[in-house]
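Read through the structure below, which is laid out as structure tokens, and then see the notes.
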Amino acid sequence: MSRLSPGSRNQLVLLAVVVAGALAAFWWLRGSTHDLVIVNGRVMDPETGLDATRNVGITGGTIVAVSEEALEGRDTIDATGLVVAPGFIDLHSHGQDSVSERFQALDGVTTALEMEIGVYPVAAWYASREGRTLLNFGATVSHPNARTKLLAGIDVGHQPTLPPGVNESMGSDLIYEELDEVQVAELALLMEGGLEEGGLGYGFGITYTPGASRTEIIDLFESAAANDVPVYVHLRAADEGGNLGPFQEVIANAAATGVSLHIVHLNSSADESAMDAVGLVRGAAEHGLDVTTEAYPYTASSTFIESALFDPWEGLDDSEYQRLQWPGQAERLNTETFRRYREQGGWVVIHGRREETNEWIVAQPDVIAASDGIPFRFLSVHPRGAGTFARILGHYSRDRGVISLMDALAKMTILPARRVEGAAPVMARKGRVQEGADADLALFDPETVLDMADYDDPDAPSHGFMHVLVRGTPVVRDGGLVEGTYPGQAIRREGSAPIS
């Protein structure tokens, strides 16, 4: 039998002391007077399945007690009649600004991530947000923005009025330019640099960059796989084979490269092929691929009318434009207004999905809830930025009964947390109401929670969220926003350089 060297024995003793000290500190905190105690709430934790009346003790931004026993606290929230749930994690929040954060906080969101289009440069964006946010924040490395840097030398960053990259990256002729092999390699290096600065993966808006060849995309998927980060993808526009072809492209790429793949807004990408698209995602997962998807609970989508998405709409009949609604106007577009607004530029609402399809998507427990909300600072276009999570909880779970409350909560808490925690292990402390988890919590009245925003009034805040905590700090208290507090935490890739 081999013996440990004196050095090894000393290391083991030191480790035991550290672990014992940490455990002692935790249990001391658990039994002491807490910073904040939530009393008599219906605690619902989707990961463990806990659904029971409990008291929750919070100290130093961490949940240190979930107990049937009475707890002492310097501050107390009476949660009688309220659900105490993990704060919601929105993977698809373009509204990375102070106004949008306020609407999202009132919709139960505690972590808002820009994972679809992402940002570039990455370090500068994180630095601009540090210490200035209500909510936890983070982003992927932006493929369209890094592409613009390569082709034009422009640092897009993150637009204050539109989703990142729209003005410079996705509204110019650069989007149609195809890269050669050398340029694709250079682009991969730029994006890998963004990972070193904290990017949580690669973000693609492939439909907005039609010049990006299939070779370019799979090469960048290989880069992401080599760096062990996921890709978040807005698919290409539907081809002659219908809506499923773009799904098949990226799933095949994931199979070939081994990359973790997240497909954004399945509802608008698949449209009436949603059941088949969900089947593709599930089939890929059943065969060992790491593939997930998301949706928002609305029958209409929205994007900017000058984008490449609308190139195939040129020359259609008047009747086809009836699906399009200009914000603030009740009437739908026609040939003349489509051309005028396309030249002018701006956001448009795209109607057309059947409510039956929408309801079916919401009912799927493995389809993550994500808003695709755009910035409210200068734009009021679509209700999803203000009402996504309350709509699922109130309209679809309580009123329509298409999904249980626990499954609905899982779609907006533990599932998105797990999607991100591979790149950012700090997310293993979020999306949970458990001892040792971050105190990111949403307290709401299950009988009254409801979205108030609609297409005529897209910036009406949700109703029913009485308290929302970010790392133990209330950002919503007694149904109103708490002013002058910025507890948001940067969610960054593990091992990335410090924010400077």
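A short reminder: the numbers here are calculations on the coordinates, not readings from a lab. Since the structure is predicted, the reported quantities are computational estimates derived from the model, not experimental observations. Cβ atoms come from the backbone with ideal geometry, glycine included; neighbour counts cover every protein chain shown.
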_Farthest positive-ward along the chain dipole, Cα basis, beta-carbon charges - from ALA238, THR140, GLY328_ = THR140
_What do you get for the angle between helix 6-31 and the principal long axis of the chain? Use alpha-carbon atoms, 0 to 90 degrees, nearest ten._
90 degrees
*With a sphere of radius 12 Å drawn around the Cβ of HIS463, what net charge do the other residues whose Cβ falls strictly inside it have (Lys, Arg +1; Asp, Glu -1)?*
-3
*Work out, step by step, the length gained on full extension between GLU68 and ASP399: first 0.36 nm times the residue separation, then minus their alpha carbon distance; give nm to one decimal.*
116.1 nm
*Out of all DSSP beta bridges with both ends in the chain, state the antiparallel percent to the nearest 5.*
55 percent
_Looking at the calculated P(r) for the chain, what percent of the C-alpha pair distances fall above 38 Å?_
25 percent
*Got a sec to turn the phi values of region 194-207 into Karplus ³J(HN,Hα) couplings, 6.51 cos²θ - 1.76 cosθ + 1.60 with θ = phi - 60°, whole Hz, x for Gly and Pro?*
x, 5, 5, 8, x, x, 8, x, 10, x, 10, x, 4, 5
*asked:* Calculate the FRET efficiency for SER32 and GLU272 from the Cβ-Cβ distance with a Förster distance of 60 Å, rounded to the nearest 0.05.
replied: 0.60
*asked:* On C-alpha positions alone, give me the angle between the axis of helix 335-344 and the longest principal axis of the chain, in degrees, nearest 10.
replied: 60 degrees
*Taking the alpha-carbon centroid of each part, what is the distance from region 272-325 to region 427-500 in angstrom?*
28 Å
*For GLY211, which sequence-distant residues (separation of 5 or more, or a different chain) have an amide H within less than 5 Å of its own amide H, given hydrogens modelled in the peptide plane?*
TYR176, GLU177
*With the calculation restricted to Cα positions, what are the radius of gyration and Dmax of region 356-416 in angstrom?*
12.1, 36
*Using alpha carbons only, how many degrees (0 to 90, rounded to 10) separate the axis of helix 244-257 from the longest principal axis of the chain?*
50 degrees
*Whole-Å semi-axes of region 268-369's equivalent ellipsoid, largest first, each the root of 5 times a Cα gyration tensor eigenvalue?*
31, 14, 12
*Could you please report the charge total around PHE338, scoring K, R as +1 and D, E as -1 over all other residues with beta-carbon less than 14 angstrom from its beta-carbon?*
-4
*Which cross-chain or sequence-distant (5 or more) residues have an amide H under 5 Å from the amide H of HIS34, H modelled 1.01 Å from N in plane?*
GLU72, GLY73, ARG74
*Take the Cα gyration tensor of region 325-453, multiply each eigenvalue by 5, square-root it, and list the three semi-axes largest first, rounded to whole angstrom.*
33, 19, 14
*Could you size up the charge dipole of region 77-145 around its Cα centre, putting +1 on the beta carbon of Lys and Arg and -1 on that of Asp and Glu, and report it in debye to the nearest 20?*
140 debye
_Within-14-Å neighbourhood charge of ALA256 [Cβ basis; K, R +1; D, E -1]_ = -3
*Enumerate the amide H contacts of LEU50 below 5 Å, restricted to partners 5 or more residues apart or on another chain; note that Pro and chain-start residues carry no placed amide H.*
ASP45
